[in-house]
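Notes follow the structure.
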Amino acid sequence: MTQLVTNLNQTMVIEFVFSVFPPLYEGGLLFFILLLLVYTFIVSGNLVIFVVVQLDMVLHTPMYYFISVLSFLEIWYTTTTIPKMLSSLVSEKKTISLVGCLMQMYFFHSLGITEGCVLTAMSIDRYLAICYPLRYPTIMTSRLCIQLTAGSCFCGFLLVLPEIAWIATLPFCGSNKIHQIFCDFTPVLSLACTDTSLVVIVDAIHAVEILASFFVIALSYIRIIVVILGMPSAEGRHKAFSTCAAHLTVFLLFFGSVAVMYLRFSATYSVFWDTVIAVTFVILAPFLNPIIYSLRNKEMKDAIGRLFQQKRNGRAQK
């Protein structure tokens with residue numbers, strides 16, 4: 001039974017219920033199996049990419065360094081939400097504590113913002129590599145790559161902290177049903193029994209964060225496309241486009257779904273469409289990333305092949 005605490009004639013909620021998950025006998029088991037397979041693929045696929053980039057000297061370049069960072073973040077990004085979804089699908093008690101909800105929101109959005117910053121760093125890397133090829137090795141050094149990664153983590157984990165701290169002070173005393181597949185700002189704030197108009201300011205801050213990354217990436221790729229189209233060699237154009245296509249696809253998928261979800265301000269969607277949009281950037285985008293970065297990338301496929309070949313040779317020698 002959902003836990004409640006009575007305080008000053010008000011029933012204070014200390015536990016939330018996810019209302020969108022179907023019971024086990026009404027499709028919950030099927031969704032559980034599908035989601036478990038997807039989560040296993042996300043973790044294993046991104047882990048393989050991360051390990052291969054670390055071990056293969058051919059991939060010790062800024063572009064693959066950022067891909068490995070993105071893969072590492074994807075593992076934790078999905079782990080903040082999917083395991084709880086899995087337990088909600090097979091459990092009769094589809095609940096999460098207030099503290100657990102706040103922690104889930106904090107790490108989900110912190111890792112999401114960090115990913116957005118890393119994607120921005122990747123676009124800058126591709127811009128320098130294609131537009132300034134002669135100066136690229138002296139500009140995009142290992143030190144700068146580490147600084148950009150550290151800055152991305154700093155922004156991601158610091159920017160969300162004030163909002164989470166503010167939500168933690170709010171009283172929740174009405175309904176405790178979250179109409180979403182994970183704890184998110186809007187569904188949780190709608191359950192607070194106090195004025196939450198301050199969320200408009202928070203929405204504006206998030207909009208600035210998202211739009212800033214979007215415009216940096218978009219402007220970088222507009223410039224990149226102009227430079228590529230001006231190349232005299234068709235082979236050179238094809239090679240340049242192929243190195244950027246994967247990142248551009250991930251960028252459109254990630255920022256497209258995030259923009260629809262968080263740049264709507266007063267616009268509202270039905271619970272169904274809210275859930276569909278959430279599934280896109282919580283599950284679908286992380287699921288497609290290993291495919292985009294490995295199965296469609298010849299250098300990555302060759303590196304994975306070399307790694308498994310070395311393991312087979314090592315076993316044969318034993």
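The values are calculated or read from the model by the stated rules, or taken from the named source; none is laboratory data. Here the structure is a predicted model, which is why all the values come from computation and not from measurement. Methodologically, a virtual Cβ is constructed for each residue, glycine included, from the backbone with ideal geometry; neighbour enumeration extends over all protein chains shown. We work out accessible area using only protein heavy atoms, side chains counted, and drop any ligands, DNA or RNA first. Shrake-Rupley method; radii C 1.70, N 1.55, O 1.52, S 1.80 Å.
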Practice item. Mind counting the residues in the range 89-131 that are of a type in the set (Ser, Thr, Tyr) and under 24 Å from Val69 (Cα atoms)? Key: 6
Check your understanding: Mind checking which residues of the range 134-156 are among the hydroxyl-bearing types (Ser, Thr, Tyr) and over 24 Å from Ile205 (Cβ atoms)?
Key -> Tyr136, Thr138, Thr141, Ser142
Practice item. Enumerate the pairs (first residue in the range 46-71 and in contact (Cβ under 8 Å) with a residue 60 or more places away in the chain; second residue anywhere and not in a helix (DSSP H, G or I)) with beta-carbon separation below 6 Å, excluding pairs fewer than 6 apart on the same chain, so at least 6 apart or on different chains. Key: Pro62/Met140
Practice item. Give the number of residues within the range 124-141 that are free of Cβ contacts under 8 Å to residues at least 60 places away in the same chain and over 16 Å from Val226 (Cα atoms). Key: 7
Exercise for review: Give Tyr136, Tyr106 a once-over and let me know the one that is over 24 Å from Ser19 (Cα atoms), out of contact with any strand residue (DSSP E or B) (no Cβ under 7 Å at 6 or more places or on another chain), open to solvent by 20 Å² or more (accessible area, probe 1.4 Å) and not charged (D, E, K, R).
Suggested key: Tyr136
**Study point:** Hey, Ile217 more than 23 Å from Glu15 (Cβ to Cβ) and in contact (Cβ under 8 Å) with a residue 24 or more places away in the chain or not
**Key:** yes
Check your understanding: Does the range 166-183 contain at least one residue that is assigned to a helix (DSSP H, G or I), closer than 26 Å to Cys244 by Cβ and modelled with pLDDT of 85 or more?
Key -> no
Practice item. Among residues belonging to the range 117-152 that are assigned to a helix (DSSP H, G or I), farther than 17 Å from Glu209 by Cβ and β-branched (Val, Ile, Thr), point out the one that is modelled with the lowest pLDDT. Key: Ile130
Check your understanding: From the set of residues in the range 89-103 that are of a type outside the set (Gly, Ala, Ser) and either modelled with pLDDT under 90 or within 25 Å of Leu34 (Cβ to Cβ) (or both), which is most open to solvent (accessible area, probe 1.4 Å)?
Key -> Glu92
Revision key, fill the gap. Flagged pairs (Cβ under 7 angstrom, 6 or more apart or on separate chains; first in the range 11-35, small (Gly, Ala, Ser); second open to solvent by less than 50 Å² (accessible area, probe 1.4 Å) and outside any strand (DSSP E or B)) are Gly28/Phe21; Gly28/Pro22; Gly28/Leu89
Practice item. For the range 169-178, state whether one or more residues are buried (at least 17 other Cβ atoms within 10 Å of the Cβ), touching a residue at least 40 places away in the same chain (Cβ under 8 Å), in contact with a strand residue (DSSP E or B) (Cβ under 7 Å, 6 or more places away or on another chain) and aliphatic (A, V, I, L, M). Key: yes
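Table: residues versus (1) surrounded by 15 or more Cβ atoms within 10 Å (Cβ to Cβ); (2) modelled with pLDDT of 80 or more; (3) out of contact with any Ser or Thr (no Cβ under 7 Å at 6 or more places or on another chain).
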site: Thr268; (1), (2), (3): no, no, yes
site: Val271; (1), (2), (3): no, no, yes
site: Thr275; (1), (2), (3): yes, yes, yes
site: Ala278; (1), (2), (3): yes, yes, yes
site: Leu295; (1), (2), (3): no, no, yes
site: Lys298; (1), (2), (3): no, no, yes
site: Asp302; (1), (2), (3): no, yes, yes
site: Phe308; (1), (2), (3): no, no, yes
site: Arg312; (1), (2), (3): no, no, yes
Practice item. Among residues belonging to the range 24-58 that are at pLDDT below 90 and open to solvent by less than 30 Å² (accessible area, probe 1.4 Å), point out the one that is nearest to Ser91 (Cα to Cα). Key: Gly28
Check your understanding: Just wondering, is there one or more residues in the range 37-59 that are assigned to a helix (DSSP H, G or I), in contact with a Cys (Cβ under 7 Å, 6 or more places away or on another chain) and aromatic (Phe, Trp, Tyr)?
Key -> no
**Study point:** Meets criteria (under 24 Å from Pro171 (Cβ atoms) and open to solvent by 60 Å² or more (accessible area, probe 1.4 Å)) for Val17
**Key:** no
Review point. Are any of the residues in the range 102-110 outside any helix (DSSP H, G or I) and not aromatic (Phe, Trp, Tyr)?
Key: no
Practice item. Would you tally the residues in the range 60-78 being outside any helix (DSSP H, G or I) and not hydroxyl-bearing (Ser, Thr, Tyr)? Key: 1
Exercise for review: Restricting attention to the range 226-236, report how many residues are in a helix (DSSP H, G or I) and either open to solvent by less than 50 Å² (accessible area, probe 1.4 Å) or at pLDDT 75 or above (or both).
Suggested key: 6
**Study point:** Count of residues meeting criterion [over 23 Å from the mean Cα position of the chain (by Cα) and of a type in the set (S, T, N, Q)] in the range 127-155
**Key:** 3
